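A quick write-up on the structure given underneath.
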Amino acid sequence: QVQLVESGGGLVQAGGSLRLSCAASGRTFSTYASGWFRQPPGKEREFVAAITWNGGSTYFADSVNGRFTVSRDNAKNTVYLQMNNLKPEDTAVYYCAAKQTIIAHTNPAAYKYWGQGTQVTVSS
């Protein structure tokens, strides 16, 4: 069983930056692939970024590629999403997810564990 807790959301002006953290419980988190997803107001949940268990491979949605980076510190059981050059269309609730697999999925249905989400609001 893994529990995920996101933090780091908030209100930021367009062009600004935020770093989201996803802290996980459980001693085997280093064997879990992780993903970041977001749900804009009135829209469906969408893929943002994913990272393999060892951080060796990362994946990004086209809409954030070049602006967002994903990383992890397995010694701290934490995954990060660094968001730069934020735009108003990045406004959403951001969720982290995890699954004990070597593959980092872009499909939210592939993930077993989810955090409660953290709100990111980007003003124009």
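Do you know which of the residues in the range 1-52 that are of a type in the set (S, T, N, Q) and surrounded by 16 or more Cβ atoms within 10 Å (Cβ to Cβ) is nearest to Gln116 (Cα to Cα)? Lay out the reasoning, then the answer.
First pass over the range 1-52, keeping only residues of a type in the set (S, T, N, Q): 1, 3, 7, 13, 17, 21, 25, 28, 30-31, 34, 39, 52.
Then drop every residue that is not surrounded by 16 or more Cβ atoms within 10 Å (Cβ to Cβ), which leaves 21, 34, 52.
Numbers: Ser21: 12, Ser34: 15, Thr52: 21 Å.
Checked the range 1-52; the qualifying residue nearest to Gln116 (Cα to Cα) is Ser21.
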Residue satisfying all of: in the range 69-112; without any contact (Cβ under 8 Å) to a residue 40 or more places away in the chain and under 10 Å from the mean Cα position of the chain (by Cα); surrounded by the most Cβ atoms within 10 Å (Cβ to Cβ) among these: Val70
Residues of the range 113-124 that turn out to be part of a strand (DSSP E or B) and either under 11 Å from the mean Cα position of the chain (by Cα) or free of Cβ contacts under 8 Å to residues at least 60 places away in the same chain (or both), as a count: 2
Where a residue in the range 5-32 is over 23 Å from His105 (Cβ atoms) and of a type in the set (Val, Ile, Thr) and its partner, wherever it lies, is at pLDDT 95 or above and not in a strand (DSSP E or B), with Cβ under 9 Å and at least six apart: Val12/Leu86
Counting only residues in the range 58-68 that are assigned to a strand (DSSP E or B) and touching a residue at least 12 places away in the same chain (Cβ under 8 Å), the one surrounded by the most Cβ atoms within 10 Å (Cβ to Cβ) is identified as Phe68
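Let's see how each residue does on (1) modelled with pLDDT of 95 or more; (2) over 13 Å from Val93 (Cβ atoms); (3) under 11 Å from the mean Cα position of the chain (by Cα):
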site	(1), (2), (3)
Val2	no, yes, no
Val12	yes, yes, no
Gly15	yes, yes, no
Arg19	yes, yes, yes
Arg27	no, yes, no
Arg38	yes, no, yes
Since Gly55 meets every condition but one in (1) in a loop (DSSP other than H, G, I, E, B); (2) touching a residue at least 24 places away in the same chain (Cβ under 8 Å); (3) surrounded by 13 or more Cβ atoms within 10 Å (Cβ to Cβ), which condition does it not meet? (2)
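The values are calculated or read from the model by the stated rules, or taken from the named source; none is laboratory data. In this text the structure is predicted, and so the values were computed from the model without any measurement. Positions of Cβ are generated from backbone atoms using ideal geometry, with glycine treated the same way; all protein chains shown enter the neighbour counts.
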